[in-house]
Amino acid sequence: MNYLVGVDGGGTGCRAVVCDRTGKQLGMGESGAANIMTNFDAAQDNIISACAAAFQDANLPVSLLSQADAYLGLAGANSGNYSERTAQNLPFRNCIIENDAVTWLQGAIGSADGAVAIIGTGSVFIYRVKGEVKTVGGWGYMVGDLGSGSRLGRALLQEALLTYDGIHDGSDLTAEVLAQFDNDPNDIVEYAHKAQPGEFGTFAPLIFEYAKQRDPIAQTILRKAVNDVEETLNAILIDKNQKFCMLGGLGKLYADLINSNLRKRIQPPLGDAVSGAAALAVQHFSKLEVS
């Protein structure tokens, strides 16, 4: 039998499922970050590792990966030629690679019209209207991914340096960050130049935590991020009553902070990104000839 594989690869981790031709899940595997734009080689390794773990979980030989058909939703797939390069290095019989927003959308709302905000290490907003899918954002933390953990973390490190230089008044939050780097700004700069998006994102929970304690710098950073999220949602929602899903590691946190008009329109997702990838694998490959 040729098996189907669904993959959800993001800036923090990668999950894969192996299914039979009807979509029945047989096994699942996990590995590290799989953003093919920010760390191409590591992403390749982690995708294959997650898929191999899924086959092992299903008590199937890993060698059967070469006979499997796969649908992959990967962070960074919407930029450059990363998708094509990735496809050439994967072991599958056939594969389709899309931005991970596509698999999140399918998992959250199925094939219906609707909208999804995905905010974690990165951020992207995606919606379907009359069957046509459009994405907004997802351009990476250097120039996009507003509201994401990577953008929040980068902003916090910047504020720590501004505090150190005496340009901005400090706060308990910046004091904690500076202490983590032994109050040495050079260590912050060196860290920032080498850090991947997920490493910047590790600072995001601190911002939400300190904002609850009314830390002024945390509140300032978060206020801008919430405004960015609200502005994007208002741009993609087609009418004032349309419901949407808030997903990703930070999506649930933002759900409690956006304005009440938007908050009351949030609906729970039907599933997640890896289930969406599996469903799309069934749609695209289930009728292919089985060897």
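The values are calculated or read from the model by the stated rules, or taken from the named source; none is laboratory data. In this text, all values refer to a predicted model and were calculated from it rather than measured experimentally. Positions of Cβ are backbone-derived with ideal geometry, glycine not excepted, and every protein chain shown enters the neighbour counts.
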Selection status of A273, out of contact with any Ser or Thr (no Cβ under 8 Å at 6 or more places or on another chain), buried (at least 16 other Cβ atoms within 10 Å of the Cβ) and either outside the structural domain of Y141 (by TED's automatic domain parsing) or of a type in the set (G, A, S) (or both): no
Unmet requirement for K212, which otherwise passes all of (1) farther than 20 Å from A179 by Cα; (2) touching a residue at least 12 places away in the same chain (Cβ under 8 Å): (2)
All positions within the stretch 172-181 that are under 19 Å from F200 (Cβ atoms), touching a residue at least 24 places away in the same chain (Cβ under 8 Å) and not aliphatic (A, V, I, L, M): T174, E176
Residues of the stretch 139-182 classified as among the small types (G, A, S), closer than 29 Å to S79 by Cβ and part of a loop (DSSP other than H, G, I, E, B), total: 4
Which listed residue is touching a Phe, Trp or Tyr at 6+ places or on another chain (Cβ under 9 Å), of a type in the set (D, E) and in contact (Cβ under 8 Å) with a residue 12 or more places away in the chain, from D69, D100: D69
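Where residues in the stretch 221-259 are polar (S, T, N, Q) and touching a residue at least 60 places away in the same chain (Cβ under 8 Å), which of them is farthest from G170 (Cα to Cα)?
Q242
Conditions (1) at pLDDT below 95; (2) in contact with an Asp or Glu (Cβ under 9 Å, 6 or more places away or on another chain); (3) of a type outside the set (D, E, K, R); (4) within 30 Å of I36 (Cα to Cα), marked per residue:
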{"residue": "V124", "(1), (2), (3), (4)": "yes, yes, yes, yes"}
{"residue": "T135", "(1), (2), (3), (4)": "yes, no, yes, yes"}
{"residue": "A175", "(1), (2), (3), (4)": "no, no, yes, no"}
{"residue": "A179", "(1), (2), (3), (4)": "no, no, yes, no"}
{"residue": "P185", "(1), (2), (3), (4)": "no, yes, yes, no"}
{"residue": "I188", "(1), (2), (3), (4)": "no, no, yes, yes"}
{"residue": "A204", "(1), (2), (3), (4)": "no, no, yes, yes"}
The stretch 1-15 - residue that is outside any loop (DSSP other than H, G, I, E, B) and within 16 Å of the chain's Cα centre (by Cα) and, of those, surrounded by the fewest Cβ atoms within 10 Å (Cβ to Cβ): R15
A281 vs. criteria more than 19 Å from the chain's Cα centre (by Cα), surrounded by fewer than 16 Cβ atoms within 10 Å (Cβ to Cβ), touching a residue at least 40 places away in the same chain (Cβ under 8 Å) and within 28 Å of G9 (Cβ to Cβ): no
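In the stretch 74-91, how many residues are crowded, with 22+ Cβ neighbours inside 10 Å and of a type outside the set (A, V, I, L, M)?
So the answer is 2.
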Residue within the stretch 19-34 that is out of contact with any helix residue (DSSP H, G or I) (no Cβ under 6 Å at 6 or more places or on another chain), in a helix (DSSP H, G or I), surrounded by fewer than 23 Cβ atoms within 10 Å (Cβ to Cβ) and of a type in the set (S, T, Y) present: no
Unique match (being surrounded by 13 or more Cβ atoms within 10 Å (Cβ to Cβ), under 14 Å from L157 (Cβ atoms) and of a type in the set (D, E)) among E230, E190, E199: E199
